[in-house]
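Working notes for the structure below.
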Amino acid sequence: YKKYPNLHFQRGNLFSLMGNAKSAMDEYREELKSHPDNVNAVLALGNENLKAKNLDEALRLFSDAMRLAPKSGEPRQLAGYVQFLKKDYDAAVALLLSAVELDPGNPTGYKRLGAALRGQGANDKAREAFRKYLDLFPDAPDRAEFENLL
């Protein structure tokens, strides 16, 4: 369906919302066959792999998204989160710092940066990142948890 870009991407989103990860991934892959530069489909497929704990595949996809959208913070933020989950805190911090530089209004980037900095043992810098997270997202559902860390 080359004439209908995003058709499989949208179907993938619907399957993802229904909790059908396998069908969602199949649809995202189908979208990427026709439109390999669809950053949203790459990110969505990466997120499905992340949810399925396929960290290496998720990281590969987020790296592809970084190449496709070098000025976007989201792929870096997601890749940094994967590195955090893999306990590679140095790589996580580097990616997350570049993500918040590209997208300074995204609270999730600061939240994840703070967690990665804590993993490195840089607690003062982690507190700064958590403060920024709470400043950007004052109604965060986990606000009390992060206030305790400050």
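The values are calculated or read from the model by the stated rules, or taken from the named source; none is laboratory data. Every value quoted in this text rests on a predicted model; they were computed, and no experiment measured them. Counting neighbours? That spans all protein chains shown, and the Cβs are built from the backbone with ideal geometry, glycine included. Quick note on the areas: whole protein, heavy atoms, side chains included, nothing else; ligands and nucleic acids left out. Shrake-Rupley method; radii C 1.70, N 1.55, O 1.52, S 1.80 Å.
Overview of results
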item	result
Identity of the residue in segment 57-77, assigned to a helix (DSSP H, G or I) and of a type in the set (D, E, K, R), that ends up surrounded by the fewest Cβ atoms within 10 Å (Cβ to Cβ)	67
Residue within segment 10-26 that is in a helix (DSSP H, G or I), in contact with a Lys or Arg (Cβ under 9 Å, 6 or more places away or on another chain) and closer than 15 Å to residue 83 by Cα present	no
Complete set of residues in segment 81-121 that are open to solvent by 30 Å² or more (accessible area, probe 1.4 Å), without any contact (Cβ under 8 Å) to a residue 24 or more places away in the chain and of a type in the set (A, V, I, L, M, F, W, C)	94, 95, 97
Residue under evaluation residue 13, criteria (1) at pLDDT 95 or above; (2) open to solvent by 60 Å² or more (accessible area, probe 1.4 Å), criterion not met	(2)
Some residue of segment 132-141 being surrounded by fewer than 20 Cβ atoms within 10 Å (Cβ to Cβ), touching a residue at least 24 places away in the same chain (Cβ under 8 Å), more than 13 Å from the chain's Cα centre (by Cα) and within 27 Å of residue 31 (Cα to Cα)	no
Close pairs from segment 27-40: first free of Cβ contacts under 8 Å to residues at least 60 places away in the same chain and closer than 19 Å to residue 79 by Cβ, partner of a type outside the set (Ser, Thr, Tyr) and open to solvent by 30 Å² or more (accessible area, probe 1.4 Å), Cβ under 6 Å, at least 6 apart	37/68; 39/68
Any hit, segment 35-52, residues being surrounded by fewer than 24 Cβ atoms within 10 Å (Cβ to Cβ), in a helix (DSSP H, G or I) and touching an Asp or Glu at 6+ places or on another chain (Cβ under 6 Å)	yes
In segment 127-139, the residues that are under 14 Å from residue 112 (Cα atoms) and either touching a His at 6+ places or on another chain (Cβ under 8 Å) or in a loop (DSSP other than H, G, I, E, B) (or both)	137
Selection from segment 98-126 of residues that are over 21 Å from residue 75 (Cβ atoms) and either among the charged types (D, E, K, R) or assigned to a loop (DSSP other than H, G, I, E, B) (or both)	118, 121, 122, 124, 125
